[in-house]
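Chemist: The structure under discussion is supplied below as structure tokens; questions concerning it will follow.
Only the coordinates and a few stated rules stand behind these numbers; no lab work does. Treat the numbers as computed from the prediction; the structure is a model and nothing was measured. Neighbour counts run over all protein chains shown; Cβ positions are idealised from the backbone, glycine included.
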Amino acid sequence: MDRTKLRKRRAQLGVAVAVAASIALGAAGVHAKAKAKPAAAPVPLTLTAKEFSFDPSTPSVTAKRVRITFTNSGTVDHNLTIKSLRVNHDLKPGKSVTVVVTVKAGGSYPFYCEYHQAKGMTGTLKVA
Ligand SMILES: [Cu+2]
């Protein structure tokens with residue numbers, strides 16, 4: 001083998017090593033992901049709005065991830081605002097929306113309808 005051929009061979013070997021290394025890294029990434037603890041499934045909570053209240057108005061859950069199905073069974077537009085959880089959804093009559101919230105700590109999370117808060121359309125989500 002002359003010098004030129006040898007240099008070419010080294011270059012090819014370098015590419016092969018780089019490819020093998022990236023495959024190994026990729027495999028390690030997949031392995032780490034598979035080992036990670038899966039996030040707990042959120043607990044379901046149904047919240048219904050009408051004129052002019054939420055049902056239930058003081059729901060309580062025992063998990064920190066909650067899937068809220070918010071339904072407007074009234075005849076006017078309503079809204080669900082949970083300021084501390086950055087939730088703000090307008091909802092037309094007869095419509096539903098699902099939001100998943102994650103709270104950092106147990107406690108009380110006040111919510112209200114932006115349009116009818118003054119009419120007492122408020123509630124509190126209690127997280128154990
Ligand atoms: Cu409302």
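Chemist: Less than 15 Å Cβ to Cβ from GLY106, Lys/Arg counted +1 and Asp/Glu -1: what total charge do the surrounding residues give? Kindly include the intermediate steps, with their values, before the conclusion.
Modeler: On the way: positive: LYS64, ARG65, LYS104, LYS126; negative: none.
Surrounding charge for GLY106 is +4.
Chemist: Along Cα→Cβ, 7 Å out, is where each label goes; now give me the distance between the ones at GLN117 and SER57 in nm to one decimal.
Modeler: Each label point lies 7 Å from its Cα, and together they span 1.7 nm.
Chemist: Could you check the spin-label model distance between ALA41 and LYS83? Points 7 Å from the Cα along Cα→Cβ, value in nm.
Modeler: Between ALA41 and LYS83, the simple spin-label model gives 3.5 nm.
Chemist: What FRET efficiency would be calculated for the residue pair SER96, LYS64, taking the C-beta separation as r and a Förster radius of 22 Å, to the nearest 0.05? The partial results should precede the final answer.
Modeler: Values: r = 23 Å, r/R0 = 1.05.
For SER96 and LYS64, the calculated efficiency is 0.45.
Chemist: Taking N as the number of residues in the stretch 43-127, what is its alpha-carbon radius of gyration divided by 2.2 N^0.38 Å?
Modeler: Values: Rg = 11.7 Å, N = 85, 2.2 N^0.38 = 11.9 Å.
The value comes to 0.98.
Chemist: Right, another one. Under 16 Å from a label point 7 Å along Cα→Cβ of LYS126: give me every residue in the stretch 53-85 with its amide N that close.
Modeler: 55-64
Chemist: Give the total of Lys-Lys pairs in the stretch 43-127 with Cα-Cα distances below 22 Å; include a pair only if its members are 8 or more places apart or on different chains.
Modeler: Number of lysine pairs found: 16.
Chemist: Once the other residues with Cβ under 13 Å from the Cβ of PRO93 are scored (Lys, Arg +1; Asp, Glu -1), what is the net sum?
Modeler: On the way: positive: LYS50, LYS92, LYS95; negative: GLU51, ASP77, ASP90.
Neighbour charge sum, excluding PRO93 itself: 0.
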